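Okay, structure first, notes after.
The values are calculated or read from the model by the stated rules, or taken from the named source; none is laboratory data. All values derive from a computational prediction rather than experimental measurement. Here the Cβ positions follow ideal geometry from the backbone for every residue, glycine too, while neighbour counts run over all protein chains shown. Only protein heavy atoms, including side chains, enter the accessible area calculation; ligands, DNA and RNA are left aside. Shrake-Rupley method; radii C 1.70, N 1.55, O 1.52, S 1.80 Å.
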Amino acid sequence: MIYSGITVRGSKNHGKTRKTIRKILLVVGLLCVSLGFFLTAVILQPIALSEQELFVENALQTEAALDYISVEQSGPAFVKDNVPVKDTDLVILDPGHGGWDEGCDREGILEKEINLQIVLALETRLKEKGFEVLLTRSDDSYVSLEERIMLANSSGADVFVSIHQNAYEGEEACGLETWVAGEDDIRLGRLLHNYSVAATDAKDRGLQENGEDLMVLRESKIPACLVETGFLSNDVERDLLTDPGYQQKLVEGLAEGIDLYFHPKTMYLTFDDGPSAEHTETILDILKEKNVKATFFVIGENVRKYPETALRIAQEGHTIGIHCDNHDYDVIYESTDSFLEDFYKAYDTVYEVTGIEAELFRFPGGSINAYNKEVYEEIISEMTELGFVYFDWNASLEDAVKKKQKSSPEQLLKNAKESTLNRKKVVMLAHDTVENTALILEDLLEAFPEYRLEALMPEVKPVQF
């Protein structure tokens, strides 16, 4: 038989001969491969590609080749069995257009050039913040839409951000708009949009949620958005978009939005005075749909009126705290003993209805108010000694105000936004007995993409007056 060019004749030792030859050929083969790698490194070193270029080259191979590229990696292409540990967040930045595809242009200003300028500055800023960054292009080269999205989906990246400029036949159009294509993209898009508008004071053209026609959004398997940072067809905005100072403002807004996507602040949404017959159920429906946990400081007599609603609060994983048993300030704050009597009546009711031994409580009117000045310090001391933790608040819908003009849905949402003051930890006060609070809850949850919404727990450091 012929085996790799060597004639092997049949004999009683032919098995041993084959094995010996295989061993020899294996050793020779390994030596040749090693020599090949060495010569490649020495001879081709002057024209070696950068790490990013190597990655792009590998990632943009055929679909068959992609089967061997790990979707978990954060650097150059690796075989699946040799995937490094990913310890940084990876962002893909996409400067739209490039090469022969110039995008829109006005007065000699080309979209592809502005896109690249913004992306290169954003890459630098994100790296300063500790992110790993890949670019779909880093120079004036053409990269197809298919190649861009293939890179995004095969790189192990966490998010994909595409930068573009807008144009319109008339000069009056201006402003910044951000496009997304799916539910998973909305939070990323909203953060980049909100913070870019705030940083530049650009006209807010809104978050556009119907970006399915944009291939880089529709085909992306990771959260993605496309930011139209302004109109080159508008003389004033074109001058701004070519100004390095304005570009840096835009970059700061984009970078802040990306940073908050990965490292959100924390908001604890709290509801007082419930449960109520109708509004608490509506609020619970919305929280369940949005997969958000909240904290309910309940009134004992309302728990006795609506035990099924109180039980639902507990069963759906929300935190229950004690507010009071009867919302009569004069009786509650008559003395420390009267406070404790009211508290334990509510406490026992909650336990009987839900099986929960509440550890948190909130003073009616807050820990310091016009009714408890003489007794609040003694109450705090006694309750702390008993092992209970009280929470006040540092932001509010102000939905307990009785005047209609001050408690309209629009005003409640405005109150919430203005009262957070960009704090890293927010305890938001709301009331689940108020109809308008239930009406605006969905908008409220969407208004704070920079915050992670959580329920209060005893181990959370309390916000106290």
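Note on Lys305 and Lys265: the model spin-label points, each 7 Å out from Cα along the C-beta direction, lie 3.5 nm apart.
The amide H of Tyr168, built 1.01 Å from its N in the peptide plane, has Ser233 as neighbours under 5 Å, considering only residues 5 or more places off or on other chains. Working from label points 7 Å from Cα in the Cα-to-Cβ sense, the Trp100 to Tyr351 distance is 7.9 nm. Rolling a 1.4 Å probe over the protein heavy atoms leaves Ser407 with an accessible area of roughly 20 Å². On the stretch 132-271, 46 percent of the accessible area sits on carbon and sulfur atoms, based on a 1.4 Å probe. The residues Glu256, Glu385, sorted by heavy-atom accessible surface at 1.4 Å with ligands and nucleic acids left out, run Glu385, Glu256 from largest to smallest.
3J(HN,Hα) along the stretch 186-196, derived from phi through the Karplus expression 6.51 cos²θ - 1.76 cosθ + 1.60 where θ = phi - 60°, amounts to 5, 4, 4, x, 5, 5, 5, 5, 4, 6, 5 Hz, with x in place of Gly and Pro. Using a 1.4 angstrom probe on heavy atoms only, work out the carbon and sulfur share of the accessible area of the stretch 341-465 in %. Carbon plus sulfur share of accessible area: 47 percent. Descending by average beta-carbon neighbour count within 10 Å, the peptides 263-270, 326-333, 458-465 line up as 263-270, 326-333, 458-465, the highest first. Label separation (Asp235 vs Glu446): 3.8 nm, computed from points 7 Å beyond Cα along the C-beta direction.
Remark on Gly99: its backbone amide H falls under 5 Å from those of Ser141, Tyr142, a criterion applied only to residues 5 or more positions apart or on other chains, H modelled at 1.01 Å from N.
Accessible area per residue (1.4 Å probe, heavy atoms of protein chains only) ranks Cys324, Cys104 as Cys104, Cys324, with the largest value leading. In the context of the full set of protein chains, the stretch 345-465 has a per residue accessible area of 53 Å² (1.4 Å probe). Rolling a 1.4 Å probe over the protein heavy atoms gives the stretch 120-230 an accessible area of 42 Å² per residue.
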